[in-house]
Amino acid sequence: MGLTKIEKRIKAKKRIRSKVFGTAERPRLSVFKSNKEMYAQIIDDTTGVTLCSASTRVEKLDGTKTEKASSVGKALAAKAIKSGISEVVFDRNGFVYHGRIKALAEGAREGGLKI
């Protein structure tokens, strides 16, 4: 029998994380989605510190899940620019770059982040 959906995502996540690494100059934008919520954080992997974060739980947004994801990306970009971060490495966390993940990335780009 083949791998489950979660096992496939974890396998892809390991493959991605072996190549994607955030530095102080260009931190990592990590994304996680559950069935209800969307979370994103900007991480400096050299020190292991989360520099800023945003989620649908904190922002209290209205609209569809995709619209909320886009708003989370814009909110995260605003916080990042305020913190002096303009360029990030995108870590999709094993999720397919489609739908809510893509909407968050495009929202972050609209907010001024360079991915």
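The values are calculated or read from the model by the stated rules, or taken from the named source; none is laboratory data. On a predicted model such as this, the values are computed, not experimentally measured, just so you know. FYI the Cβ positions are ideal-geometry reconstructions off the backbone, even for glycines, and counts take in every protein chain you see. The protein model used for the area step is the full one, side chains on, heavy atoms only, and it has no ligands, DNA or RNA in it. Shrake-Rupley method; radii C 1.70, N 1.55, O 1.52, S 1.80 Å.
Quick notes
- Looking across region 86-107, the residues that are open to solvent by less than 30 Å² (accessible area, probe 1.4 Å) and under 14 Å from THR66 (Cβ atoms) come down to PHE95, ILE101, ALA103, LEU104, ALA105, GLY107.
- Meeting the requirement of 2 or more residues that are of a type in the set (Gly, Ala, Ser) and touching a strand residue (DSSP E or B) at 6+ places or on another chain (Cβ under 9 Å), the strands (runs of 3 or more DSSP E) wholly within region 18-95 are 49-55.
- Filtering region 30-66 to residues that are within 17 Å of ALA105 (Cβ to Cβ), hydrophobic (A, V, I, L, M, F, W, C) and out of contact with any helix residue (DSSP H, G or I) (no Cβ under 7 Å at 6 or more places or on another chain) leaves PHE32, ILE43.
- When region 21-54 is filtered for residues that are touching a residue at least 60 places away in the same chain (Cβ under 8 Å), touching a Lys or Arg at 6+ places or on another chain (Cβ under 8 Å) and closer than 20 Å to GLY99 by Cβ, the ones remaining, listed by number, are VAL31, LYS33, MET38.
- PHE21 open to solvent by 10 Å² or more (accessible area, probe 1.4 Å) and modelled with pLDDT of 95 or more: no
- Residue count for region 1-52 under the criterion of being in contact with a Phe, Trp or Tyr (Cβ under 8 Å, 6 or more places away or on another chain) and of a type in the set (Lys, Arg): the result is 3.
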